[in-house]
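Chemist: Structure below; questions to follow.
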Amino acid sequence: MFTNLSAVQINRLAQRLSEAPLGRSASVAAAAERFERLLAAKIGADRAPKAVKAILTAPGFETAEGRLVAEIDTCEPQAPVEPVPPRFAPEPAQEPAPIAEAEPAAASSAPRRRRDADLEAKAREGELPPPPDFSAATHARFRAKLAALVEMAGKADATGLRAIPINPVSSSPKALARYRDLAVLAIEAREGAPFVTSVGG
């Protein structure tokens, strides 16, 4: 297969797919073969050949790495879709809301709806939401984007917050999008401006 990457670079991509340390493949062909095998185990044998071709023919390592991350993201388990309370009639809070965090897949829907409604009600009063808890290793690559959102929220930069692209395809970016939208709502509530939600990042 034609590739713009060296054996060393392909080995680095392969290491992202393996928990255990990998030895070095001496040739580009050997490295590519192992990379395809590991990727097939990660995303499925039906998708792997097309994905491998797109990744290994990327014009540089950074682009190849980005394409690999995108492929892995689309295979992450999706968080259950919960009904969103009507914006015009948030449920009254019966108790203090816990600190916001990325939701586990098995979270109970009723407490989550009540907490979301409470956070939204506070945001409408101009109170910034707490950032989601990204301390778990699964959220590691999204921490920089979360830090940027928190910084803009602290500066009351609603325009900057809206400009940050978020593709809510898995639990981490969904938590980022929820935090971003609530922060914009709170900032614009302070300024007396109407809130327009940013759907889909």
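The values are calculated or read from the model by the stated rules, or taken from the named source; none is laboratory data. Small disclaimer: the values here were computed from a predicted structure and weren't measured. Note: ideal-geometry Cβ built from the backbone for every residue, glycine included; neighbour counts use all protein chains shown. Quick note on the areas: whole protein, heavy atoms, side chains included, nothing else; ligands and nucleic acids left out. Shrake-Rupley method; radii C 1.70, N 1.55, O 1.52, S 1.80 Å.
Chemist: Whether any residue in the range 14-22 is crowded, with 18+ Cβ neighbours inside 10 Å, under 19 Å from Thr74 (Cα atoms) and not basic (Lys, Arg) is what I want to check.
Modeler: yes
Chemist: Right, next: Restricting to the range 50-66, what's the tally of residues that are in a loop (DSSP other than H, G, I, E, B) and charged (D, E, K, R)?
Modeler: So the answer is 0.
Chemist: Among the residues of the range 23-49, how many are open to solvent by 50 Å² or more (accessible area, probe 1.4 Å), outside any loop (DSSP other than H, G, I, E, B) and either closer than 14 Å to Cys75 by Cβ or among the acidic types (Asp, Glu) (or both)?
Modeler: So the answer is 4.
Chemist: Still on this model: Restricting attention to the range 16-57, which residues are within 18 Å of Arg141 (Cβ to Cβ) and in contact (Cβ under 8 Å) with a residue 24 or more places away in the chain?
Modeler: Those that are within 18 Å of Arg141 (Cβ to Cβ) and in contact (Cβ under 8 Å) with a residue 24 or more places away in the chain: Arg16, Leu17, Leu39, Lys42, Ile43, Ile55.
Chemist: With the checklist (1) at pLDDT 85 or above; (2) open to solvent by less than 50 Å² (accessible area, probe 1.4 Å) in hand, flag the one item Lys155 doesn't pass.
Modeler: Going through (1) at pLDDT 85 or above; (2) open to solvent by less than 50 Å² (accessible area, probe 1.4 Å) one by one, Lys155 breaks only (2).
Chemist: To continue, here is another question. Within the bounds of the range 169-186, is there any residue that is at pLDDT 85 or above and surrounded by fewer than 14 Cβ atoms within 10 Å (Cβ to Cβ)?
Modeler: There is no residue in the range 169-186 that is at pLDDT 85 or above and surrounded by fewer than 14 Cβ atoms within 10 Å (Cβ to Cβ).
Chemist: With the requirement that a residue be open to solvent by less than 20 Å² (accessible area, probe 1.4 Å) and hydrophobic (A, V, I, L, M, F, W, C), what does the range 134-145 give you?
Modeler: Within the range 134-145, just Phe134 meets the criteria.
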